[in-house]
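Only the coordinates and a few stated rules stand behind these numbers; no lab work does. Keep in mind it's a predicted model, so treat the numbers as computed, not measured. All Cβ positions, glycine included, derive from the backbone under ideal geometry; neighbour counts span all protein chains shown.
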Amino acid sequence: MRILLLGYGKMGKVIEQVATQRGHQIVGTIDLTNRADLKNYNPHNTDVVIEFSAPEAAHQNLQQTMAQGLRVVCGTTGWLAHRPEIEVLCQQHGAAFFYASNYSIGVNLFFRLNKALAKMMQPYQNDYGVAMTEVHHTQKLDAPSGTAITLAEGIVENLPLKTKWVGNSGAAIAEDEIEIVSLRQGDVPGTHVVKYESAVDSIEIAHVAHSRAGFALGAVVAAEFLNQKTGVYGMDELLGAPVYL
């Protein structure tokens, strides 16, 4: 499979290693120094684009790749206000678009565990408060992380008392809000903790990434899944719908 890497930072380089190990060809790498070269790639010379750039660049990158009819696996977060537009462009140009806030298979299992726990907590939601903490490396530009937002949305979907999430602004938290505390420390790949707490006990689930390799493998597996497809996809299509929620 011929892969174009759009964004060639630390994550892009790990994806390159994983893709090469799995027998794929990297046909090019695009970053700020050569972004104009993106116009040279099309479905005839590129099977899938893997986009891990930056929040401020992702929207323009996706507009252009969709208009060129490319298949794109996107792992950049912090741009999702534009997602409906990108999905429309995908359909209009016969492209393909795969988005996940986190490509780690373990994290996506954690998403499902989070939803299941929230559903189990429904009868006890008046007794337990719920909050989240996410920790990432200091180079991560967006906060809360896309993964934390996905976790919060999973709780909102399954716990009727909660209707929205808020970042750690220091303001008082309303009863219907889930607070996400974001910390930026060193070179932490990613830690996410969901905690339910009552007057008598606490229930806590956590996912701790040890390296970027898990994210990179998931992105390459998503690219393999997207190859030869058109349309919009996500991790539920890749992993299959959960049978226990």
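Per-peptide packing, taken as the mean over residues of other Cβ atoms within 10 Å, places 178-187, 202-211 in the sequence 178-187, 202-211 from highest down.
Near Trp165, the amide H atoms lying under 5 Å from its own belong to Ile178; only residues 5 or more places off or on other chains count, and H is placed 1.01 Å from N. Please report, to two decimal places, log10 I(q)/I(0) for the stretch 116-245 at q = 0.14 Å⁻¹ as given by the Debye formula with identical point scatterers on the Cα atoms and no solvent. The Debye formula, applied to the Cα set alone, gives -0.75.
Assign unit charges at the C-beta atoms only (+1 for Lys and Arg, -1 for Asp and Glu), then state the dipole size of the stretch 31-103 relative to its Cα centre in Debye, rounded to the nearest 20.
Details: 4 positive and 7 negative charges, 17 e Å.
Here the stretch 31-103 has a charge dipole of around 80 debye.
Three principal axis extents of the chain based on alpha-carbon atoms, in descending order, are 61, 37, 31 Å.
In percent, rounded to a whole number, the relative contact order of the chain is 23, using alpha-carbon pairs under 8 Å and six or more apart.
Provide the packing ranking of 224-235, 8-19, i.e. peptides ordered by the mean count of other C-beta atoms within 10 Å per residue, highest first. Mind dumping the intermediate values first?
Values: 224-235: 17.1, 8-19: 18.8.
Put in order of decreasing packing, that is 8-19, 224-235.
Around the amide H of Val232, modelled in the peptide plane, lie the amide H atoms of Phe97, all under 5 Å away and 5 or more residues distant in sequence or on another chain. Within the shell of other residues whose beta carbon sits under 13 angstrom from the beta carbon of Arg212, the net charge comes to +1, with Lys and Arg scored +1 and Asp and Glu -1.
Using DSSP, restrict attention to beta bridges with both residues in the chain and report what percent are antiparallel, rounded to the nearest 5. Walk me through the intermediate numbers first.
Numbers: 14 of 43 bridges.
In the chain, DSSP labels about 35 percent of beta bridges as antiparallel.
Scanning residues 5 or more positions from Gly28 or on other chains, those with amide H under 5 Å from its amide H are Leu5, with H placed 1.01 Å from N in the peptide plane.
Could you compute Rg(Cα) / (2.2 N^0.38 Å) for the stretch 81-171, with N its residue count?
Values: Rg = 15.8 Å, N = 91, 2.2 N^0.38 = 12.2 Å.
Normalised by 2.2 N^0.38 Å, the Cα Rg of the stretch 81-171 equals 1.29.
Angle, helix 55-67 long axis vs. longest principal axis of the chain, Cα atoms, 0 to 90°, nearest 10? Long axis of 55-67 versus the principal axis of the chain: about 50 degrees. Summarised as an ellipsoid, the stretch 1-130 has semi-axes of 33, 18, 13 Å, derived from the eigenvalues of the Cα gyration tensor scaled by 5 and square-rooted, with the largest first. Give, as a single signed number, the net charge of other residues whose beta carbon lies under 11 Å from the beta carbon of Glu177, with Lys and Arg counted +1 and Asp and Glu -1. Neighbour charge sum, excluding Glu177 itself: -1. Counting only alpha carbon atoms, the long axis of helix 105-120 and the longest principal axis of the chain meet at about 30°.
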